[in-house]
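Down below is the structure, laid out as structure tokens.
Laboratory data are not the source of any read-out in this text; all were calculated from the coordinates shown. Every value quoted in this text rests on a predicted model; they were computed, and no experiment measured them. Because the Cβ atoms are built from the backbone with ideal geometry, glycine has one as well, and the counts that use them run over all protein chains shown.
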Protein chains: 2
Amino acid sequence: MPQFLSTKDEGFESAFQALLGAKREDSPDVDAVVADIIADVRARGDAAVLELTAKFDRLELDAAGLRFSAAEIDGYCAQVSAEDREALEMAAERIRAYHARQMPEDAFWEDDAGASLGWRWSAVSAAGLYVPGGIATYPSSVLMNAIPAKVAGVGRLAMVVPTPDGDVNPLVLLAARISGVNEVYRIGGAQAVAALAYGTETIAPVDKITGPGNAFVAAAKRRVFGKVGIDMIAGPSEILVIADKDNDPDWVALDLLSQAEHDESAQSILITDDAAFGQAVADAVEKRLQTLERRAVAGPSWRDFGAVITVENMDEAIVLSDRIAPEHLELCVADADEMAGKVTHAGAIFIGAWTPEAIGDYVGGPNHVLPTARSARFSSGLSVMDFLKRTTLARMTPEALNAIGPAAERLAISESLQAHGLSVRARLDKLNRD
Amino acid sequence: MPQFLSTKDEGFESAFQALLGAKREDSPDVDAVVADIIADVRARGDAAVLELTAKFDRLELDAAGLRFSAAEIDGYCAQVSAEDREALEMAAERIRAYHARQMPEDAFWEDDAGASLGWRWSAVSAAGLYVPGGIATYPSSVLMNAIPAKVAGVGRLAMVVPTPDGDVNPLVLLAARISGVNEVYRIGGAQAVAALAYGTETIAPVDKITGPGNAFVAAAKRRVFGKVGIDMIAGPSEILVIADKDNDPDWVALDLLSQAEHDESAQSILITDDAAFGQAVADAVEKRLQTLERRAVAGPSWRDFGAVITVENMDEAIVLSDRIAPEHLELCVADADEMAGKVTHAGAIFIGAWTPEAIGDYVGGPNHVLPTARSARFSSGLSVMDFLKRTTLARMTPEALNAIGPAAERLAISESLQAHGLSVRARLDKLNRD
């Protein structure tokens, strides 16, 4: 059974704080192992990657075999059914269209002082995409990481995906091809992250690494950060559904379960202003759990981390929602648009009962890589911005320097940075001499 | 003497790689100490902060004394000369005007399938700004961190600045007041970062922490990352000047020295297509070093990490510049605008000989917090974006769900995520029944 809470309960505040603070994931401390792997790949390149791949993925390769050839990818892509291909292509097209709108604009203007100022965006030259292998291998994640990179203009996009015992998911390779991935390597773990960050004889280094992975991958990304850029280190998935009683309890139950089935550490929360509806949803969850394929995952998640919170009114729901700062927020209420406008902290909002969160995982268009663990208070989902960087621009005329230079000189002197001041003064002196 | 390199030299490539790879900073490993300090502040709040402030800053306070009162700030501000105040206000106004243009726009549109999609930006609710005390206390850094936060719409901006032995820089407090900082606390070090991240009885927690600091502050920021957002961990400053022979060697020398005087680990590089001009600049640097106030800092920086690189033509200069990915790039060449357009990786570009880098440190308008250590390949300077986060929005109509839902269901099934598929299917079934 999930927790049932009501804001009317005396102990609500402490129970709610406990829910917010619950540690849902116990990451094993693998940092020392990962440090050794990275050092090994830096020192020995391909040879280290090949040995570690033989050890962890039980796969004997030579350097030439690290990369999937175009013909191999052709072969795997041909195994995908026409229906799956069509679905992937529709998803890719919609994700591309959404992210194309995110492209920021350059600017350059002249101000009153005669100074020309602005900025220019440019894409990261080369990016690396980590894709997990094994059981949780998601072609949708390939689309969600690779398409924003390509929309941003990343020239070289290298993907790594481990193929334990040689097992390959053809949909993952098709997703890579549809997304415009340039290179695919059959490696994984910390060794793949190290190869992307530092390069080997076969794999050229990249400037930015994104994509989900296990504890080893997360630790490796943390370690190479600085040498390259990385995306967020995502925690287990979360959904908050705010629903009034005029909803089908089964729809809401399925939406809650669609997060719970990801991971035993996932968290699904319902907030409603009708206790009986909350109970009906909980009942519907139990019923669905009896037959759900992934009930061995979704059941523990719902029991251990799920919650049904009854509020006195929907204004209370918004306050609680902002405190949760959910990764996914689904609003199944009468005026969902209005409520969406009142929410401040959420990774993604799904507005209205006809917008199940699963739409956002695949074909909605917005990115499904979103801030977890309350980090929507200060961070955003993956976007084209993650593959762009901004260079600021400034150009002074002699007149502009004459207008604003003395203030710079003054501040430089106040900070005891004499050369800063002199670099301005030397130019002003020339102006005054001429 | 700095290094003199020429692309015509046989050993150039390896010398250039050594220059790029030079480890300029040896950060002491303070992580264990910092972990203890953070745990102490989490456990004991104000009491821990007060004890650590007495220990490290030799300053006995009680909880009520942690925060500067408005009257105290008034008193310090009154000590600032009219000229310094005017210079600070001009700088603030120009920084504000530049950053106001960075505010990104919200979007919401309906696509062909009838799906409404978009995003909304919102400010971080509360931000913390770290300001170093002691010798390198820079009011300009207060402006550069606080103004973007306030332009973004951050409601509560709390600043911490250590005051060792009670020493306060009035300009820092005036900069805070001009920037709209809401609270100022006289604490520093890892204990200040912990207080901002986790809160104490006196200091409410924030959602994002920015600002420079020593090795303890940097380690503390790394440790609280995740609980709160942080800005980049900046390394020592760098400048690359690309200059042709039609420049005053003394101007270029002063620009190189204005980075070198920051820090013995700073790096100043000149690239020129005229070896004699390069020598003339090096001579001018030596001459200025004889009298420069901070020659004890600038001299070692220039000797140990400075370089004068002669290229055969300016196209070579651009290639080398992109490999360096400098924090600051100054273009003192005939067609500086054209060259600026060809550069891909740089934190900030200063276009033309009338734009000394020092202008950008104070009054230009763009931010002076910029990516160091080659990270301009994948990251950007501080901006209003650092204090904003994006919530993505999606709203389906029944018709839109009917159009794109089946593809989502298909992909969910291919990923063995049955509940995802069922959450779409349940709604499609209702549509088909009706």
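The mean number of partner chain beta-carbon atoms within 10 angstrom of a residue's beta-carbon across peptide A:400-409 is 6.
Shielding of peptide B:226-234 by partners, expressed as the average count of other chain Cβ atoms within 10 Å per residue Cβ, is 3.
Size estimate for the range A:147-286 follows the Kirkwood approach: the inverse of mean 1/r over distinct Cα pairs works out to 17.9 Å.
At 7 angstrom along the Cα-to-beta-carbon line, where would the label on residue A:433 sit relative to the other copies? Give the distances in nm, shortest first. Going from nearest to farthest copy, the values are 8.9 nm. For the range B:84-100, putting each phi into the Karplus relation 6.51 cos²θ - 1.76 cosθ + 1.60 with θ = phi - 60° gives couplings of 5, 4, 4, 5, 5, 5, 5, 4, 4, 5, 6, 5, 5, 5, 5, 6, 4 Hz, in residue order, rounded to whole numbers and with x for Gly and Pro. Counting, for every residue in A:119-131, the Cβ atoms of other protein chains within 10 Å of its Cβ and taking the mean gives 3.
Below 12 Å, Cα to Cα, which aspartates and glutamates can residue B:245 reach? Residues fewer than 8 away in the same chain don't count. Cross-link targets: B:273, B:274. Rounded to the nearest 20 debye, the dipole magnitude of the range B:239-364 is 380 debye, with +1 charges on Lys and Arg beta carbons, -1 on Asp and Glu beta carbons, and the Cα centre as origin. Derived scalar couplings between HN and Hα for the range A:163-168 equal 10, x, 6, x, 6, 10 Hz in order, rounded to whole Hz, by the Karplus curve 6.51 cos²θ - 1.76 cosθ + 1.60 (θ = phi - 60°), x for Gly and Pro.
Beta bridges from DSSP with both residues in the range B:94-221: antiparallel share about 25 percent, rounded to the nearest 5. Taking the alpha-carbon centroid of each part, what is the distance from the range B:191-245 to the range B:309-337 in angstrom? Their Cα centres are 30 Å away from one another. In this simple spin-label approximation, residue A:43 and residue B:29 carry label points 7 Å from Cα along the Cα→Cβ vector, and these lie 1.7 nm apart.
DSSP bridge analysis restricted to chain B gives an antiparallel fraction near 25%, rounded to the nearest 5.
Based on the Kirkwood approach, the hydrodynamic radius assigned to the range A:75-171 is 16.2 Å, with every pair of different Cα atoms included.
Based on Cα atoms of the range B:1-136, Rg over Rh with Rh as the Kirkwood radius reads 1.13. Placing unit charges on the Cβ atoms of the charged side chains and taking the dipole of chain B about its Cα centre, the candidate lying farthest along the positive direction among B:19, B:271, B:52 is B:52.
Between amide H atoms placed 1.01 Å from N, distances below 5 Å from residue B:3 occur with B:306, B:307, B:308, all of them 5 or more places distant or on a separate chain.
Here the protein assembly as shown carries DSSP beta bridges of which approximately 25% are antiparallel, counting only pairs with both residues inside.
Inter-copy label distances at residue A:11, shortest first and taken from points set 7 Å along Cα to Cβ: 7.4 nm.
Split chain A at each of the GluC sites (Glu not before Pro) in a DSSP loop with at most 16 other beta carbon atoms within 10 Å, and the longest piece is A:313-434. Put a plus charge on the Cβ of each Lys and Arg, a minus charge on the Cβ of each Asp and Glu, and nothing anywhere else: the dipole of the range A:17-116 about its Cα centre is then about 360 debye. The base-10 log of I(q)/I(0) for the protein assembly as shown, evaluated at q = 0.05, 0.06, 0.08, 0.11 Å⁻¹, reads -0.29, -0.42, -0.75, -1.34 [Debye formula, identical scatterers on Cα atoms, solvent excluded]. Could you state the per residue volume, in Å³, of the convex hull enclosing the Cα atoms of chain B? It is 203 Å³ per residue. Distances from residue B:153 to itself in the other copies, using label points 7 Å out along the Cα-Cβ axis, amount to 2.8 nm in increasing order. Counting every pair of alpha carbons in the range A:292-396, the share spaced more than 24 Å apart comes to 36 percent. Inter-part distance, the range B:265-302 to the range A:378-411, computed on C-alpha centroids, equals 25 Å.
Each residue of the range A:30-42 was assigned a 3J(HN,Hα) from its phi angle through the Karplus expression (A = 6.51, B = -1.76, C = 1.60, θ = phi - 60°), giving 10, 5, 5, 4, 5, 4, 5, 4, 5, 4, 5, 5, 5 Hz with x at Gly and Pro. Annotation for the range A:165-251: trypsin sites (Lys or Arg not before Pro) lying in DSSP loop with at most 14 further Cβ atoms inside 10 Å of their Cβ are A:245. In this structure the amide hydrogen of residue B:397, modeled in the peptide plane, comes within under 5 Å of the amide hydrogens of B:116, none closer than 5 places in sequence on its chain.
For residue B:286 and residue B:86 in one chain, what is 0.36 nm times their gap in residues minus the Cα-Cα distance, to one decimal in nm?
Stretched out fully, the residue B:286 to residue B:86 stretch lengthens by 68.6 nm.
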